[in-house]
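The values are calculated or read from the model by the stated rules, or taken from the named source; none is laboratory data. Every value quoted in this text rests on a predicted model; they were computed, and no experiment measured them. For neighbour counting, all protein chains shown are included, and Cβ atoms are generated from backbone atoms with ideal geometry for every residue, glycine included. Heavy atoms of the whole protein, side chains included, go into the accessibility calculation; ligands, DNA and RNA do not. Shrake-Rupley method; radii C 1.70, N 1.55, O 1.52, S 1.80 Å.
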Amino acid sequence: MREEELSYKGIHGIPVILEPGNAARVDRSSWRLVRPVYNKDKCTMCKICYTYCPDSAIAWTKEGPVINLTSCKGCMICVEECPTNAMTQEKESS
Amino acid sequence: MQPIKNIKDIPEFDLLTGGSSVCAGCGPSMGLKLALKVLGPKTIIINSAGCMTLLPLFPNTPLKVSWIHNAIENAATTAAGARHGLDALGIKDMNVVVYAGDGATYDIGFASLSATAIKNERVIYICYNNQAYGNTGFQCTTATPYGSDTKTTPRGKENPIGNTTIHKDMLKLMGVHRVYCATASLAYPVDFLNKINKAKERDGFSYIELLGTCATGWNFDPRYTIKISRLAVRCGMWPLYEIDDRKLSLNKEFKELKPVDEYLQLQGRYKQLPPDGVIKLQSLVNEHWAELNEFNEKRYV
Amino acid sequence: MKHLLITGNEAAAWGARLIKPHFIPTFPITPQTECIETLARWKVEGDLPDTDFERMESEHSVMSAAIGAAAVGVRVFTATSSQGLMLMHEVLYIASGMRLPIVMVNISRGLSAPVTLWSDHNDFLDQRDSGWIMFHAENNQEVLDMVLQGYRIAEDPRVLLPVMVNMDGYVLSFTDEPVIIPSYEDVKQFLPAYDPQHTITSDRPVTVGPPVMDEYTDYKAQMHLASRNALTVLDEVQNDFEKIFGRRYHTVDEFMLDDAELVLITQGSMSTTAKAAILEMREEGIKVGLLRLRVIRPWPGEIICKALQNVKAIAVIDRNIAPGKGGIMLPEIVESLYHSINRPLVSGFIVGLGGKPQTEAKIKEITHKLANDLASGRPRIEWNDVEVS
């Protein structure tokens, strides 16, 4: 591109991110070899899985943890730390 | 904010979303997520170059709070500048928080950290200590423990130990700045968050050092991030204590420490450490633990 | 408005005092120290009520703190020199890359090793690719005026780049000159409130300084355009400045160029000496003029070419040295002239390193050498002041 064809974009030409938390929509599911599976019957609502998820892929609701498989990278900390085996792991199919 | 009593009390909002490009099971990322629960939305995180610099990657950011990444050696003074800027605008209700790695803290950024601390700037400095330059692929810092294999202290015929330098006693160094300092562990989130809370309430500088358990660099299955964090505390490799107004308080006391072996065996970085290296490392841990117990609830620095 | 007899350091401090920056991070270094000492004294005497004056532990931290404060949208001023500027070098690129309109005065001093306290322009010119807008003042009045104009230009939404105002150490920094001090009211009228849209506020979370992938070139292109825009803004600002203060500055300072055949190209304080020498040479019938480089970045190449369109020979007088290459400004001038219709003979003179005084006699000698070069058709590279040959 010729220099004279470049246009000045004002604030849109400044390297800042003005949309907080927009990485939530980034899909990291392809990083996963295994996925966590939640079994409500075994859950004691202790919040350990929620607390220890490094990617905020587990939300906490009145009904307990809700796993967001877009953000989950499959680290399995939740499975390892769950004191009642309410979180188990399953192999990803592909 | 009232002190948190147990995990169930931990606030149920997240100011760090998923979708970032840090490793699966990243301890430092978990640490920031947890800290933000206490810090709240009115927070500016000042980051030094390191693993956490990759949390935002244009055009996406997992941060729901403000973030400034400047360079590697100047997070503390960038934070001081942000604090002065906010003061000039009359904004008092924002937290200015450094989130920096151990290389940036112990090594290249020590001058800016020390100056900011001694002037008691209203900044919370959290060092996520993964005991090496993690983002460049795990090279030795002055926070790297004795006996750790790193890319710049590899084990070999000439030196089977790996890193032979005894790491800096950073808490003691920060303690002499007469600021609030504490160690923290991901396996003790209530203790960690109460320390953040204590720092937040201070009208001055605080230094909190979180063991930044790092599956990639320490070479273990990321599922063990919390298990290893817990073992580090239990075996005395990462004792939990604080120094407030130069007085020491042990936050987790044990009648007897576990031997370091189990902790070491779970991690690739220590796998080939020869027995005399383990003995030396154990003696260093014992010596530090004895010192902490000797000065517990006493003037320490 | 009042008239004071003050040093360049004090003129810089007065510029800061008049615009009332929110934050001044500081670190002492010869020959800049008087500037921050002056500000410290004013602060304690109550003359800077709205300004936070802070001591940092290094120049690197001065610029780091400046960035931290500017990122939350406040006005920042600082000053440095020489080794201090070099220590800041890394973060200068970050300040401009983040598009933070910080204004800094640099007091030029030669770089170590060997140690010198005296002035040359290597420290300043070493920052020429840093993305900062760079002005080089000739006298103490210009130092003050360019600090005021600096904020106006830096904060313009078409620019949003930091500004560096340079003066020569000792010759200006420690020399009293009469300076007109504008009134606070006039300065307030000249400089509107700063309302940035790309910085952090308490209810606008912004991620400042994220890594990028493919967009890197785009952002550098934007910085380049912003810097080019500064030429337009600089020109516009002069109208307001003249209306309020009765003075104006041209992007390129032209002195007796109209009918000049020989032209000296200079920077900074030696231009005053050269102008005096030119007046005397004119009396002798030598058609010599001067072009002073006031604006180093953005580079006003077209304006320079236009000013030089009828001249026969040029002496680029570099008070700097890029070892292994030569004077720094010589190739910049030659590059600009290469595409012009008139391509005069260009000789390069390396002078005044480590503060060697540039007297009128030396300027005349350069002019005579240039006249000889023109007559012989052979340009030269000449080292002045070399004592061991």
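Some points to look at:
- Carbon/sulfur fraction of accessible area - region B:65-147, other protein chains in place, 1.4 Å, %: 56
- Paramagnetic reach from residue B:219 (point 7 Å along Cα→Cβ, amide N under 14 Å) across region B:159-187: B:160-163
- For region B:234-301, the dipole from Cβ point charges (+1 on Lys and Arg, -1 on Asp and Glu) about the Cα centre works out to 160 debye, to the nearest 20.
- Stretchable slack from residue C:197 to residue C:115, in nm (0.36 nm times residue separation minus alpha-carbon distance): 25.2 nm
- The modelled label-to-label distance for the pair residue A:84/residue A:34, using points 7 Å beyond Cα in the direction of Cβ, is 2.2 nm.
- Over chain A, DSSP H runs of length four or greater, each weighted -39,500 (n - 2.57), average out per residue to a 222 nm ellipticity of -2000 deg cm²/dmol.
- Region A:18-53 and region C:295-342 have their alpha-carbon centroids 61 Å apart.
- Alpha-carbon Rg/Rh ratio, for region C:175-266, with Rh computed the Kirkwood way: 1.11
- Only one residue of C:157, C:107, A:23 has its Cα farthest out toward the positive end of the dipole of the protein assembly as shown, where Lys and Arg carry +1 and Asp and Glu -1 on Cβ, and that residue is A:23.
- Evaluated at q = 0.08, 0.09, 0.16 Å⁻¹, a Debye calculation over the C-alpha positions of region C:2-245 (equal weights, vacuum) places log10 I(q)/I(0) at -0.27, -0.35, -1.16.
- Calculated FRET efficiency, residue A:41 to residue C:279, Cβ-Cβ distance, R0 = 60 Å: about 0.05 to the nearest 0.05.
- Gyration tensor (alpha-carbon) shape descriptor, region B:7-295, a/c threshold 1.5: prolate
- Rounded to the nearest 10 degrees, the angle from helix C:216-245 to the longest Cα principal axis of chain C is 80 degrees.
- With contacts taken as Cα pairs under 8 Å and at least 6 residues apart, chain C reaches a relative contact order of 16 percent.
- The label-point distance for residue B:42 and residue B:247, in a model that sets each label 7 Å from Cα toward Cβ, rounds to 3.1 nm.
- When DSSP beta bridges are restricted to pairs lying wholly in the protein assembly as shown, around 35% turn out antiparallel.
- Once the C-beta distance of residue B:159 and residue B:202 is scaled by a Förster radius of 56 Å, the resulting FRET efficiency is 0.80 to the nearest 0.05.
- Antiparallel DSSP beta bridges within chain C, percent to nearest 5: 25
- At an R0 of 35 angstrom, the distance between the Cβ atoms of residue C:236 and residue C:387 translates into a FRET efficiency of 0.15.
- Spin-label zone in region C:136-150 - amide nitrogen under 19 Å from a point set 7 Å from the Cα of residue C:3 along the C-beta vector: C:139-145
- Cross-link reach list, aspartates and glutamates versus residue B:8, counting only Cα pairs under 17 Å and skipping chain neighbours closer than eight places: A:63, A:81, B:191
- For region B:230-296 and region B:191-225, distance of Cα centres in Å: 17
- Most positive-pole-ward Cα, C:314, C:388, C:1, against dipole of chain C from beta carbon charges: C:314
- Over region C:252-383, relative contact order from alpha-carbon pairs under 8 Å, at least 6 apart, %: 28
- For the pair residue C:180 and residue B:255, label points projected 7 Å from Cα toward Cβ lie 8.7 nm apart.
- CD proxy at 222 nm, helix term only [per DSSP H run n ≥ 4: -39500 (n - 2.57); per residue of chain B; nearest 500]: -9500 deg cm²/dmol
- DSSP beta bridges confined to region B:7-295 are antiparallel in about 30 percent of cases.
- Expressed as a whole percent, the accessible surface of region C:2-245 that belongs to carbon and sulfur atoms is 53, based on a 1.4 Å probe.
- Label zone at residue A:6 (point 7 Å along Cα-to-Cβ), backbone N below 14 Å, region C:286-330: C:298-299
- Over region B:115-229, the alpha carbon radius of gyration divided by the compact-protein estimate 2.2 N^0.38 Å works out to 1.19.
- Largest GNM mean-square fluctuation among A:11, A:67, A:48, using chain A with Cα springs under 10 Å: A:11.
- Just so you know, the Cα atoms of the protein assembly as shown work out to an Rg and Dmax of 30.2, 104 Å.
- The alpha carbon centroids of region C:360-382 and region C:22-48 are separated by 44 Å.
- To the nearest 10, the accessible area of residue B:205 is 0 Å² with a 1.4 Å probe.
- Prolate/oblate/rounded label for region B:163-212 (Cα gyration tensor, a/c 1.5): oblate
- Shape call, region C:252-383: gyration tensor on alpha carbons, a/c limit 1.5: rounded
- Residue pairs, from the table B:5/B:33; A:73/C:220; B:42/B:198, whose Cα atoms sit over 26 Å apart: A:73/C:220
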